[in-house]
Amino acid sequence: MRIMVFDVPAEHGGALSVLTEFYNEVKEYEDKNINWIFVLSTPHFKEANNIKIIRFPWIKKSWWHRLYFDYIVAPKLVKKYKVNKIISLQNVIIPKTKVSQTVYVHQSLPFVEYRFSFTENKIFWLYQNVISKIILKSIRKADKVIVQTNWFKKAIMKKSSVNEEKIIIVPPKINVHIKDYFQENKQTRSTFFYPSSALTYKNHQIIVEACKILKEKNIKNYQVIFTLEGNENALAVKLYEETLEKQLPIKFIGSISRERVFEYYTKSVLIFPSYIETFGLPMLEAKMHNSHVLASDCSFSHEILDEYENAIFFNPFNAEELAELMHNSIANKRKNNTVVTLNNFKYYKGDLIEAALFPQKY
């Protein structure tokens, strides 16, 4: 049996994590009679007796190179290697082939409530208004669809009108060894932590605005920690300069190890104001450390934090609301979480590879 795995967009971040996780599962998979062919762009993975790696780094040159690959090169590869099954980890299926396909969808931009204008962010607008149509078409044509979360499954069902049975939920693997837990005291309640890259929808700005409000109210006995240097991109520079100009208690510590992130969960309150996520891993990690969490009132946040008593939700576009919650934490006046339970779907209990190979088990 020959299975071709496509993931040419994966280069860094979450997409590369998905690819790496799947590759590692393939390496450990007990059935060595399956021949795996990974079709990638720039990442380097080792080949094995039953694993072949084909790289096309030129795909990254432009959108036109990617389109040429998708519609001309990819179908020819399927035919050349006489593939029995296709697993696409890149949100869309391979066109011009009748081979059975399972598609892993992890691009949330087309399915979130927040809509970007063209002037606000051209790339995000393109994903929501143009590329979304390609993704939806792929979802309808694929034999099976794999997603990470309940809310994502609901959103896809609503937008694509596919049956519930077609979509399998496989949460990402969380390999966490908990050494310590959150210790509540004056210091930990007054330290706020946000581990995130500098992207617009990660919404660092709302924390900056909340800090300005707290300063106007002469509230100073707290600290906010960003895992940014302050020079990563134009947004990071703006955040850093604004912090200096307004003399806000925000510390830019740069990128840190996962171990240090876990350490911060034990001695600070997680603020998670992002309004676009597929999963929102820091919220789950903080929950596993019994940390206090202030999270955006979004579907992905509720999926992880509903019924977790140490979480409070806020409007990610309301700085006054966040400032009040931060003040309550500093003054030890936290309110209990309002419990809201989403509709439940079954989770597939196996690995991603099992879901892709044996969807009938679901």
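The values are calculated or read from the model by the stated rules, or taken from the named source; none is laboratory data. Here the structure is a predicted model, which is why all the values come from computation and not from measurement. Virtual Cβ from ideal backbone geometry, glycine too; neighbours counted across all protein chains shown. Each accessible area value is taken on the protein alone, full model and side chains, heavy atoms only, with ligands, DNA and RNA left out. Shrake-Rupley method; radii C 1.70, N 1.55, O 1.52, S 1.80 Å.
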Applying the selection to the range 225-235, what residues are part of a helix (DSSP H, G or I) and either open to solvent by 70 Å² or more (accessible area, probe 1.4 Å) or in contact with a Gly (Cβ under 8 Å, 6 or more places away or on another chain) (or both)?
ALA234
Would you be able to tell me the number of residues in the range 74-94 that are in contact with a helix residue (DSSP H, G or I) (Cβ under 9 Å, 6 or more places away or on another chain) and either among the hydrophobic types (A, V, I, L, M, F, W, C) or surrounded by fewer than 15 Cβ atoms within 10 Å (Cβ to Cβ) (or both)?
7
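Residue-by-condition table, conditions (1) free of Cβ contacts under 8 Å to residues at least 12 places away in the same chain; (2) surrounded by fewer than 22 Cβ atoms within 10 Å (Cβ to Cβ); (3) touching a Ser or Thr at 6+ places or on another chain (Cβ under 9 Å):
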residue: VAL105; (1), (2), (3): no, no, yes
residue: ILE131; (1), (2), (3): no, yes, no
residue: LEU136; (1), (2), (3): no, yes, yes
residue: ARG140; (1), (2), (3): no, yes, yes
residue: PHE152; (1), (2), (3): no, no, yes
residue: LYS158; (1), (2), (3): yes, yes, no
Name the pairs whose Cβ atoms lie under 9 Å apart, with the first residue in the range 206-224 and assigned to a loop (DSSP other than H, G, I, E, B) and crowded, with 18+ Cβ neighbours inside 10 Å, the second of a type in the set (D, E, K, R) and at pLDDT below 95, and 6 or more positions between them or separate chains?
TYR222/ARG189
Is it the case that the range 58-77 has a residue that's of a type in the set (Lys, Arg) and modelled with pLDDT of 95 or more?
yes
Within the range 69-107, track down each residue that is under 13 Å from SER41 (Cβ atoms) and of a type outside the set (D, E, K, R).
PHE69, VAL73, ALA74, LEU89, GLN90
Search result, residues across the range 241-250 that are surrounded by 15 or more Cβ atoms within 10 Å (Cβ to Cβ) and either among the charged types (D, E, K, R) or assigned to a loop (DSSP other than H, G, I, E, B) (or both)
GLU242, LEU248, PRO249
Criterion first (open to solvent by less than 10 Å² (accessible area, probe 1.4 Å), closer than 30 Å to VAL83 by Cβ, touching a strand residue (DSSP E or B) at 6+ places or on another chain (Cβ under 6 Å) and among the β-branched types (Val, Ile, Thr)) does ILE168 satisfy it?
yes
Would you check if LYS61 is surrounded by fewer than 15 Cβ atoms within 10 Å (Cβ to Cβ), over 26 Å from GLU30 (Cβ atoms) and basic (Lys, Arg)?
yes
Limited to the range 1-33, what total is found for residues that are aliphatic (A, V, I, L, M), open to solvent by 10 Å² or more (accessible area, probe 1.4 Å) and over 25 Å from the mean Cα position of the chain (by Cα)?
1
Restricting the range 53-102 to residues that are under 26 Å from the mean Cα position of the chain (by Cα) and of a type in the set (Lys, Arg), which is farthest from VAL145 (Cα to Cα)?
LYS61
Could you grab the pairs with beta carbons closer than 9 Å, sequence gap of 6+ or different chains, first residue in the range 313-336 and over 14 Å from VAL293 (Cβ atoms), second one open to solvent by 50 Å² or more (accessible area, probe 1.4 Å) and among the polar types (S, T, N, Q)?
GLU321/ASN315; ILE330/ASN221
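Return yes or no: is LYS238 over 18 Å from the mean Cα position of the chain (by Cα), closer than 12 Å to HIS204 by Cα and open to solvent by 80 Å² or more (accessible area, probe 1.4 Å)?
Working: over 18 Å from the mean Cα position of the chain (by Cα): yes; closer than 12 Å to HIS204 by Cα: yes; open to solvent by 80 Å² or more (accessible area, probe 1.4 Å): yes.
For LYS238, the condition - over 18 Å from the mean Cα position of the chain (by Cα), closer than 12 Å to HIS204 by Cα and open to solvent by 80 Å² or more (accessible area, probe 1.4 Å) - is met.
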For the range 177-186, state whether one or more residues are over 22 Å from the mean Cα position of the chain (by Cα), over 18 Å from HIS289 (Cβ atoms) and in contact (Cβ under 8 Å) with a residue 24 or more places away in the chain.
yes
